[in-house]
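What follows is a short report on a single structure.
The values are calculated or read from the model by the stated rules, or taken from the named source; none is laboratory data. Computed from a predicted model, the values in this text were never measured in an experiment. Neighbour counts are summed over all protein chains in view; Cβ atoms, including those assigned to glycine, are modelled from backbone coordinates with ideal geometry.
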Amino acid sequence: MSRSSCHLFLFLLLFSLFPFPLLARPFVLVLSQDDLKDVQNDDASPLDSDSSWDDDDFGGTHVKPDDELDPGSWRRLFEPPTTLLSPSHDTSLDSYYAAVHKIISASNNGDARLMEEAAAEIETAANTDGDPHARSVLGFLYGMGMMRERNKAKAFLNHYFAAEGGNAQSKMALAYTYSRQDMHEKAVKLYAELAEIAVNSFLISKDSPVIEPIRIHNGAEENKEALKKSRGEDDEDFQILEYQAQKGNAGAMYKMGLFYYFGLRGLRRDHTKALMWFLKAVDKGEPRSLELLGEIYARGAGVERNYTKALEWLSLASEHGLYSAYNGMGYLHVKGYGVEKNYTKAKEYFDKAADNEDAGGHYNLGVMYLKGIGVKRDVKIACKCFIVAANAGQPKAFYQLAKMFHTGVGLKKNLPMATALYKLVAERGPWSSLSRWALESYLKGDMGKAFLLYSRMAELGYEIAQSNAAWILDKYGERSMCMGESGVCTDAERHQRAHSLWWQASEQGNEHAALLIGDAYYYGRGTVRDYERAAEAYIHAKSQSNAQAMFNLGYMHEHGQGLPFDLHLAKRYYDQALELDPAAKLPVTLALASLWVRKNYADSFLVHIIDSLPEVYPRVEEWVENVIMEEGNATILTLFVCLLTVLYLRERQRRHAIAAAGAHEPNEHVVPAAR
C-alpha cells in the first residue's frame, strides 16, 4: 500500500458491523478533517504508555472457553456440556445454578412461590456468601422489580460489586447505565474491557458471520419471516439442506458445517459436528471448508489444537483463491505458531489479502503500522487501514477506531464516540448467547422464559432485547408470565415495565418504541396522561424521519395539545408526513380539510363537530366492538344486510324493467295538443 494512497482527507464512514434491523436507526460515523490528529510518528506517543495498546491486537487463538469469558453465565442451564463433568470440577456454583434454574422455571410457569424461594436463595448467596454472580442476579431482580421492590440504587450497588468480583454481565449493565447518564469516562473503561473479550473470540482469517439478535416483531405484528429462518432443526429448509448433505452435496455439507460451527439459523453450536461436515465437504472438493478447518485446528475447537495442520489447511485454502486465508497464515507467522516468527513473511501475506480487497488484510496491516511490527511505525497509515477495514464491516477495525478515539492516537480524543464503538463490539461477546436462548424459548411457546431472558439482555443494553421484551408484554399480557414485586405482574406493573422498556429502546433509535411512548402519554396508557411528554416522544420519533410522528405533531399543533396552537406548523408537519409516506395521503387530506375548515370557519358548528370526533369515536368503536362484533349479533346483522341488499337490487331491477317497458309502449295516452 503506497503512502500517497493512505493520505487522509474528508471521508464518510458508514458502519456495517451489524445488519441493522427494521425500526432501528443505522449507526453512522462521520469523520471530518477536524477528527484527524496530526500525529508525529516518533516514540513519544500515548501508544507506548497506555496499557490498552499492549494487548494482542491481531486477535488470538489462545481463547478461553465461553464459561471463563462470561463467568456466572446461564450457559450451563441452556447448553449443558456434552461430556460428563469430571469429579474435580468446581462445585461452588452448584447452589447458584440451582437457584437460577428455579427462577427460570418459576418465570416460565408463573409460579410466584417458587420465584420467591429462588430470590431468597440468591439474596442469601449474595449478601451472606458474597457470591458475585448471585449479586448480579440480585441486581437484575431489583432492577426489574421481580419479587423485590423495584430499586435502581440497590440494583446498581449489586451490579457494582458483582462487576468488581468479575461478573462480565454486570459490567455490561454498569457500562450501559453509565452511558445513559453520559458518564463516558466510566462507561468507556468498562466497554473497552468487554470489547477486548469479544475481539479475542473472533476468527483469525475470515470474518465471523454476524449473528444478529432476531427482532421477533416488525412493529404491530410478529416477524414471521425472520422467525421462520430461526427454527433450527425443526425448520423445513434446514431439513432439506441436511438431506442434500447426507446425499453427498458438497455445498450443503459446507453450509451444515457453518451452521453448527457458529450456531446459525437457530442451531446450537457443535464444533464436533462442524468438523465432521467440513471434512466431508473437503473430500467432495468444496474449497471453502479448507479455511474453516484451518481455524478449527488453530483454535482447538472440537479437536486438539495443531498449528502445523492449521497452516496446511490455510495454505490449501489460499491456493484455491480464498484470499482471507492469508490473514490466518500471516497471523501464525507474526506469533510464531507452528513456524518461526517472520514479520516480513507475515506482511507479505497481509498485503496479498488486502490487495484482493479483503477487509482483514487491511486490518492486520493497520496493526503492523500502528505498532511498528516489521515496518516503520506510521499511525496515519494505520488509521487509514482501519477505516478501510471498518468500512467493509471488519469488526476488529471498529475496536481499533474505538481505541483511537479513546486514547487520542491517530484521531482526536472523543469519549462518546469511543463508548458507542466499544459498545457495538462488546455486544458481540459471549453474553449475546442470551438472545439465542430467548428466541429458542419463544419459538417453543415458553413466553415466560423468553421474556425473562430478553429482560436480562435488555438490562445489558441490547436495544432489540428491550424491544422484544416490551412487545411480549404488550402482545401476550398475562401469558408473558411477568413477575412483579409480590407475584405475577398486575396490569399496572406490566404497563409500567413495558413503558420503561420501550423508552430505553427509543433512546437507542427505535422509532416504533418512541411512537408507543408518545401514545402512552397521549392516551394515558399505563401512565398519567401528559401531552407535553407525548410531544417530546413524537419529536424524538420525528427526528428519525417517521411519518406517523410528524402527523401526530401536526395534530397536536392543530389542537394546541402539548404544543402551541399553530395552524401553519400543523400544515407543515402534515405535508412532511405525506412526503415521507405516500400511503398517508388519505389521513393527510382529511387533516388538511380540517385545517381549512378551522381557518375559514373558526368557532362555527363545523369546528365543534370536528373537535367532538375524538370523544365520539371511542363510543362508536366500543359499540361496534361490543354489539356488532359479538359473534351472534354479527351473524344476524350480516344476514340482515344481505337481505336488504337483495331487496334493494330486486327493487332497482323492477324499476329499470318498468322504465324500459314504458319506453317501448305506443304513446297512446298522450293528450293531443290544443289546436
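One line per residue, one yes/no per condition, for (1) modelled with pLDDT of 95 or more; (2) on the phi < 0 side of the Ramachandran plot; (3) among the small types (Gly, Ala, Ser):
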position	(1), (2), (3)
404	no, yes, no
411	no, yes, no
418	yes, yes, yes
423	yes, yes, no
431	no, yes, no
450	yes, yes, yes
465	yes, yes, yes
474	no, yes, no
478	no, yes, no
Within the bounds of segment 358-370, is there any residue that is of a type in the set (Asp, Glu) and surrounded by fewer than 24 Cβ atoms within 10 Å (Cβ to Cβ)?
no
When every residue in segment 394-409 that is in contact with a Phe, Trp or Tyr (Cβ under 8 Å, 6 or more places away or on another chain) and assigned to a loop (DSSP other than H, G, I, E, B) is compared, the one surrounded by the most Cβ atoms within 10 Å (Cβ to Cβ) is 394
Any chance residue 526 is surrounded by 16 or more Cβ atoms within 10 Å (Cβ to Cβ), at positive phi and over 28 Å from the mean Cα position of the chain (by Cα)
no
Check off (1) loosely packed, with under 15 Cβ neighbours inside 10 Å; (2) part of a helix (DSSP H, G or I); (3) of a type outside the set (A, V, I, L, M) for residue 545 and give me the number that stays unchecked.
(2)
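So that you can scan it fast, the table gives a plain yes or no per residue for (1) over 25 Å from the mean Cα position of the chain (by Cα); (2) in a helix (DSSP H, G or I); (3) touching a residue at least 60 places away in the same chain (Cβ under 8 Å):
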| site | (1), (2), (3) |
| --- | --- |
| 225 | no, yes, no |
| 241 | yes, yes, no |
| 244 | yes, yes, no |
| 255 | no, yes, no |
| 261 | no, yes, no |
| 265 | no, no, no |
